């Protein structure tokens, strides 16, 4: 018996030791982190559940950042070339074509590509020496935003291969070729079902629906008798080809026009005639898009008003013929438009308020008179500038106009030749237009529209007939009323007419 008790005690002791060894270790967060670090430095963690329990988002983020930086650190030294803004109003441009290929050697000042701006097509020179490693915007791409990465330049030829698969992931995004249709909004999430009670209570009866007001439509056909209707209701019924019947909302049940307004017409709507018109869609150029945008803003935001005068140009035409004959051997021929530019600039000297610009919080009055001359090209309208026209003679103005007009039509104007200007001139007289109103070119405040020269009869007390035939030129000044008041415009036009009718006074 004693032996049995001792044996039992031994067995219980052994069992206690086994149970103690089999008991799990108390969880400790610090121990878990240390285990992660030690195991992570030696070998992958075997237990997915264990790894998810101790890894956190904050612990994984530094590793992702390190990999991201290391990927970019593998790229060799390079220069990122974005699309430059080649004019003050340029926010997009088109890559006409690349003059260099990937892998070509670049010297500073080499022509890299041609860029079409809102005004002209200009060459873009290489900003740094090196090698063209990657072209990111191919030639012919339109509407590229300013600042978009267009190419990569590397200093060493050995670095070109590293950018073979380079993709621009930053900067302004290039415009999509076609806008994708907007996806319909996702349906609202269904409400989570509430747990059912142990014993369902009897459902409450639904509330009675509120009675809807009766529609004012004509009542059903009555058994007979006279139908009363207002004159407007009868006319409406005749138009819609309706038969009057029933009672309406008028006095004693008479039908009113409101009772028939909602009734559908019995006459079927005519089908639209099939159009046989043929048309052609013309894609917009960058210049045309900018012209549309700026002139729309001008008409919407600038309070235009117009003042017209007639100028006798007989003396001017004789003076012009004299100058052309005198300079015939030199091949110089001045035009009426050259005298007009000179007269515009000289009138601005007399009335400097017209040579001003609205700057939102103040008015800027310019010291120099830089006349913008509208020139029509195949791609649109552009306004090269005659700088300091008030200080130049007619011969020099004529020479400048011919040079700038030729460069404009050949699309070779440089930015400084069309950016700026303090007042504009638009001449449609060569097309036989008598008179027109031009749109102001902001931020300028005035533009002068020139019509054609016509013959008119005017009173002449010195003539035996009492009248004479003269050549008359019609001009219209468009002015911004925020800057130039009507009286100021009238005074400016008076000085302009005096200079045109007596051109010698412009050079005295």
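Only the coordinates and a few stated rules stand behind these numbers; no lab work does. The model shown is predicted, which means the values in this text are computed figures rather than measured ones. Quick reminder, even Gly has a Cβ in these numbers, built from the backbone with ideal geometry, and neighbours come from all protein chains shown.
What is the order of 87, 398, fewest Cβ neighbours within 10 Å to most? Could you put the intermediate results ahead of the total?
Values: 87 17, 398 23.
Taking fewest neighbouring Cβ atoms as first place, the list is 87, 398.
Using per-residue counts of other Cβ atoms within 10 Å, averaged over each peptide, order 123-132, 110-119 from highest down.
Those peptides, ordered most packed to least, come out 110-119, 123-132.
Full extension from residue 146 to residue 395: what is 0.36 nm times the residue separation minus their Cα-Cα distance, to one decimal in nm?
Stretched fully, the residue 146-residue 395 segment lengthens by 85.6 nm.
Taking the simple approach of a point 7 Å from Cα along Cα-to-Cβ for both residue 501 and residue 349, what is their distance in nm?
2.1 nm
Can you compute the FRET efficiency between residue 381 and residue 481 using 1/(1 + (r/R0)^6), with r the Cβ-Cβ distance and R0 = 30 Å? Round to the nearest 0.05.
About 0.80, to the nearest 0.05.
Quick one: which of 343-354, 94-105 comes out on top by average Cβ neighbours within 10 Å, and what's the full order, highest first?
343-354, 94-105
Which order do the peptides 407-415, 474-482 take when ranked by the mean count of other beta-carbon atoms within 10 Å per residue, highest first?
474-482, 407-415
If you take the alpha carbon radius of gyration of segment 398-508 and divide it by 2.2 N^0.38 Å, what ratio comes out, to two decimals?
Output field value: 1.32.
Run the simple label-point estimate for residue 241 and residue 99 please: 7 Å along Cα→C-beta, distance reported in nm.
In this crude spin-label approximation the distance works out to 7.3 nm.
Hey, with R₀ at 25 Å, roughly what FRET efficiency would residue 107 and residue 165 work out to, going by the Cβ-Cβ distance, to 0.05?
0.40
Could you calculate the FRET efficiency of residue 437 with residue 310 from 1/(1 + (r/R0)^6), where r is the beta carbon distance between them and R0 is 22 Å, rounded to 0.05?
FRET efficiency, residue 437 to residue 310: 0.90.
For the residue pair residue 458 and residue 368, what label-to-label distance in nm results when each label sits 7 Å from Cα along the Cα-to-beta-carbon direction?
The two pseudo-label positions are separated by 3.6 nm.
What's the exposure ranking of 452, 121, going from fewest to most Cβ atoms within 10 Å?
452, 121
No solvent, one uniform scatterer per C-alpha: report log10 I(q)/I(0) for segment 304-507 via the Debye equation at q = 0.10, 0.11, 0.17 1/Å, two decimals.
Reported log10 I(q)/I(0), two decimals: -0.42, -0.51, -1.20.
Got a sec? How would 455, 318 order by Cβ neighbour count within 10 Å, fewest to most?
With the fewest neighbours first, 455, 318 line up as 455, 318.
Length gain on complete extension for the stretch residue 328 to residue 289, per 0.36 nm per residue less the alpha carbon to alpha carbon distance? Kindly include the intermediate steps, with their values, before the conclusion.
Numbers: separation 39, 0.36 × 39 = 14.04 nm, distance 4.27 nm.
This chain segment gains 9.8 nm when fully extended.
Kirkwood hydrodynamic radius, segment 316-416, all distinct C-alpha pairs: what's the number in Å?
Numbers: mean 1/r = 0.0667 Å⁻¹.
Mean inverse Cα-Cα distance, inverted, gives 15.0 Å.
Between residue 494 and residue 318, what length comes free when the chain is fully extended (0.36 nm per residue of separation minus the Cα-Cα distance, one decimal in nm)?
61.2 nm
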